[in-house]
Amino acid sequence: MEQKYSPKPIENKWQKYWDDSRIFEVSEDTAREKYYLLEMFPYPSGRIHMGHVRNYTIGDVVARFMRMRGYNVLHPMGWDAFGMPAENAAIKAGTHPAKWTYENIAYMRNQLRQLGFSYDWSREIATCDPSYYRWEQLFFLKMYESGLAYRKSSYVNWCAKCQTVLANEQVENGVCWRCDTPVIQKEMEQWFFRITHYVDELLENTMKMEGWPERVLVMQQNWIGKSTGSKLLFPLESGEGSIQVFTTRADTLFGATFLSLAAEHPKVLELCRGKAQEADVLDFIQRAKQSKRNEREAGMLEKEGVFTGSYCINPMTGRKMPIFVANFVLMAYGTGAVMAVPAHDQRDFEFAKKYDLPIQVVIKPSGQEQAARAEELTRAEEEYGVLVDSGEFTGMESEAARIAITEFLAKKELAELTVQHRLRDWGISRQRYWGTPIPMVYCEKCGVVPVAEKDLPVVLPLDVELLANGGSPLPVHKPFYLATCPKCGGEARRETDTMDTFVESSWYFARYSCPDFDKGPLDKERVEYWMPADQYIGGIEHAVLHLLYSRFFVKVLRDLGYLKVDEPFKNLLTQGMVIKDGFKMSKSKGNVVDPDIMIKTYGADTVRLFCLFAAPPEKDLDWSDQGVEGSFRFLSRLWRLVCENIDKMKSVSPVGEAENLSTELSGLRRKTHQTIKKVTEDIRERFHFNTAIASVMELVNQVYQVLESSRNDPLLWPVAREAVEAVIVLSSPMVPHICEELWQTLGHDRLLIDTPWPQWDERALKAEEILIIVQVNGKLRSRISVPADATDKDIEKISFADPRITEFIGDKKVRKVVVVPKKLINIVI
RNA sequence: GCCUGGGUGGUGGAAUAGGUAGACACAAGGGACUUAAAAUCCCUUGGGGCUUGCCCCCGUGCGGGUUCGAUUCCCGCCCCAGGCACCA
């Protein structure tokens, strides 16, 4: 055995062994309990980064741990392989996205292999493979049939640089999430998935998903943004038609003095036609459309508007209300029109002050003597209260009045109670090349026609020339866009938009259960065995996007009959970022640590150990080169412990049940079993690998001490061997290569990964003497050692006999004595 | 503004059910081994005090409270990170 720990040959040896023996390949086994552990699959960007290393290390520990505990563990890996970076890189390097992608996959697969992860590679998926995306196209057809996929013209978020549409979730602070270009609004025909159809279920389930972090659920709830209110109709003064608004404050209707419409509101043009204000309105609309989304943010844009020249009537007061177009009203929320109550809404207040519009107070905030006077208001009073100056509703509480007023108007068919959501349908059309083709054709005669199921997949052509400006080549690639109409057989044009890549990642986890199945997207029996994933692990940055889409997609697949689960991921762990020098690792900050170099210098086990030890998984991890050194040092210390004593340890069996051990040796034995208990519980209950590792380190430290202090004790080696074997088995999910090697060195034939997880011995945990803390008035004053079976009374007696304690008590009266069994006594004087 | 987390040594972090605050590591300092260095091993390491004792006082963002006892629970405040934000 090598005297010095050199990871490279060991890691190569075991990785090869694991590969050759296909030890991590699993199959369905209904006799055993399954455990599906999944980490978010990576985008094949070129090489893995430390965030991946951390994510996949955490997952690997859990997978190996669960396997050793007897579960039938599915632990797959694959590639989120469609996406724009492939196109950009291809243009830049003069290559093809497919070539670029597959080369990256090959490189990254090897990187993952070198980290020793226990994946079942036979289930590997690349989403850009037609054998994968063909089923996605089938889902699209089924969704189209059932109305869950539809086409509409709407204003969409457009990134000029990426030359494509973005989903709302991909717009961050008004700029493109990928390239930071300000996003503009553009009207386009787009395909949408009707995620709003599931809005109630998506929201309700967040209330009962106990295995998910609270903050992710809260983020999703905020994103869905449920809001209960009323839809009210305001008849136009002209007598022709009316305008519908959404409001949560129908109780303030008597205070509504004007109406504000979004610039894109369909009635705007009609309202100003032929009026003196027409030119101003048109000009205003023009400017509003050009204004970038980020300028619409709070505070950044002053409230502005323009009178349309038309009026409507307040259905309660009969008062004439001027209709404005205002820059702060969003077409995409509610009805694109709001009733303005300047006394009780800050935005309306500012607008009214600016354009000198009437302010009418109709709510007296609770706890206030008098209602405010309109002319004295310096800001709107937005809180609930009691209605004033509101006809027959005067004196009612806001909450009750909100409903009463709506019901009153409902009788005249002017109102209804309703619920609004912030969540909007998911626009999935992308004007990109490297994505899943949308299986639709446009026929002059028949219109929009779905591709026949038997003609799937619509294969993305690989023989294209990429355009230098970044736009998609598909619309100019004749062999692709020329199609025959499935209905009439005539000439037709194929849809050249591709799907948002989030569609692929919305169902890949189900496909892992049967990646080779070619009779349909999902093999019922297998998918029912494995789904849902028991544990999903990934970055918090997907809290809304990927995780919400996946939840939606699973409901769709369930309703289409492909799946039986309601939610894809039973438990979710969101790991923190990897930080260096106070910043997230990034090329622009120049603080990236290359996993390849780390593996080369220290070995995979050291890198894994550091990732686990430096912080609990949900927290950010501060990368520290010295910390990595420390992890390497620990593994070297463990290596030495075995190799320096191998002859002595090999010649004995680990102690089983030990009588008559010296204090030191029974102490070590106790520590061994305490450690088994601690590591088991830290991994099983909390995923706190850092404290699990700390306790293993303590055990190693104690073994070294006892080796010294009990050098001549004949029972030393059996006890030491038990301790060392515990260290190896307990560490093996975290640092599998070194442990497998040491395990073999100690003479075991069976692989560690096939060795059952150890069970601690309750009897070994028990000490003969236990330490009791003695407090006087809550302050630590002494420590006493008592027999383990000492009663509270005994502890009290021994404590009062302690000279240090008697000194503290002196001649003062003992007022109270609190004893915490087997732990602590507090004497109050 | 609203909603989540969080604030503990020089640093990363422990303290899982209200019961020894600072486990485990990193860094720093001192020592041993060595011709020397590396590696390794041992000791010290929250602040202060003196009577140097396995002593005393202070200490978990700040101010209060509950309790025999609070890093942990409650109330008020400050700061940091993340999310949402002209959503009617």
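The values are calculated or read from the model by the stated rules, or taken from the named source; none is laboratory data. It should be emphasised that the depicted structure is a prediction, and the values quoted were computed from it without experimental measurement. Cβ coordinates were reconstructed from backbone atoms using ideal geometry, including for glycine residues, and neighbour counts include every protein chain displayed. Keep in mind that these areas ignore ligands, DNA and RNA; they rest on the heavy atoms of the full protein, side chains included. Shrake-Rupley method; radii C 1.70, N 1.55, O 1.52, S 1.80 Å.
General observations
- Percentage relative contact order, chain A, counting C-alpha pairs under 8 Å, at least six apart: 14 percent
- With a Förster radius of 25 Å applied to the C-beta separation of A:ASP622 and A:ASP596, the computed FRET efficiency comes to 0.75.
- Cα centre as origin, Lys/Arg/Asp/Glu Cβ charges: the stretch A:226-421 dipole, Debye: 500 debye
- Dipole of chain A, positive end: most advanced residue of A:ILE323, A:GLY778, A:MET585 [Cβ charges, Cα centre]: A:GLY778
- The distance linking the stretch A:148-179 with the stretch A:228-291 is 26 Å (Cα centroid to Cα centroid, whole angstrom).
- Subtracting the Cα-Cα distance of A:ALA767 and A:TYR107 from their residue separation scaled by 0.36 nm leaves 232.3 nm.
- Binning the C-alpha pair distances of the stretch A:645-765 at 10 Å intervals from 0 yields a P(r) profile of 13, 47, 34, 6, 0 %, listed from the shortest bin outward.
- Inter-probe distance in nm under a simple model that places probes 7 Å from Cα toward Cβ, at A:GLU302 and A:GLU210: 5.6 nm
- Peptides A:171-181, A:730-740, A:550-560, ordered by how many other C-beta atoms sit within 10 Å of their residues on average, highest first, read A:730-740, A:550-560, A:171-181.
- A straight line joining the Cα centroids of the stretch A:414-441 and the stretch A:52-96 runs 28 Å.
- Placing pseudo-labels 7 Å out from each Cα toward the beta carbon at A:ASN222 and A:SER242 gives an inter-label distance of 3.7 nm.
- Computed P(r) (all Cα pairs; the stretch A:226-421; 5 Å bins; percent): 1, 8, 16, 20, 21, 16, 11, 5, 2, 0
- For the stretch A:719-784 versus the stretch A:10-27, the gap between their alpha-carbon centres in whole angstrom: 27 Å
- For the stretch A:333-390, the Kirkwood hydrodynamic radius comes to 11.9 Å, computed from all pairs of different C-alpha atoms.
- Sorted from longest to shortest, the spans of the Cα atoms of chain A along the three principal axes equal 108, 86, 50 Å.
- GluC sites (Glu not before Pro) within the stretch A:212-241, DSSP loop, no more than 11 other Cβ atoms inside 10 Å: A:GLU240
- Between the beta carbons of A:SER6 and A:LYS289, assuming R0 = 60 Å, the FRET efficiency works out to 0.35 to the nearest 0.05.
- Rounded to the nearest 500, the 222 nm mean residue ellipticity of chain A from helices alone is -11000 deg cm²/dmol, with -39,500 (n - 2.57) taken per DSSP H run of at least 4 residues.
- Dipole of the stretch A:645-765 computed with +1 at Lys/Arg Cβ and -1 at Asp/Glu Cβ about the Cα centre; of A:ASN701, A:TRP760, A:LEU746, farthest Cα towards the positive end is A:ASN701.
- For the stretch A:769-828, the fraction of alpha-carbon pairs in successive 5 Å shells from zero, as %: 4, 20, 37, 24, 11, 3, 0
- Computed from the C-beta positions of A:ASP789 and A:PHE583 and an R0 of 56 Å, the FRET efficiency is 0.50 to the nearest 0.05.
- If only the Cβ of Lys and Arg carry +1 and only the Cβ of Asp and Glu carry -1, the dipole of chain A around its Cα centre is close to 820 debye.
- When each of A:LYS142/A:LYS454; A:LYS142/A:LYS519; A:LYS677/A:LYS779; A:LYS580/A:LYS671; A:LYS13/A:LYS584; A:LYS142/A:LYS226 is checked by Cα-Cα distance, pairs over 24 Å: A:LYS677/A:LYS779; A:LYS580/A:LYS671; A:LYS13/A:LYS584; A:LYS142/A:LYS226
- Shown for chain A: the carbon plus sulfur share of the solvent-accessible area, taken with all protein chains present and a 1.4 angstrom probe, equals 49%.
- Once the chain from A:THR755 to A:TYR17 is taken as fully extended at 0.36 nm per residue, the excess over their C-alpha distance is 264.0 nm.
- Dipole-positive endmost among A:TYR442, A:TYR311, A:MET84 within chain A (Cβ charges, Cα centre): A:MET84
- Segment A:LYS812-A:TRP121, length gained on full extension (0.36 nm per residue, minus Cα span): 241.4 nm
- Rough spin-label spacing in nm, given labels placed 7 Å along Cα→Cβ, for A:GLU413 and A:LEU780: 8.0 nm
- Residues of the stretch A:671-703 with amide N under 20 Å of the 7 Å Cα→Cβ point at A:GLU33: A:677-688
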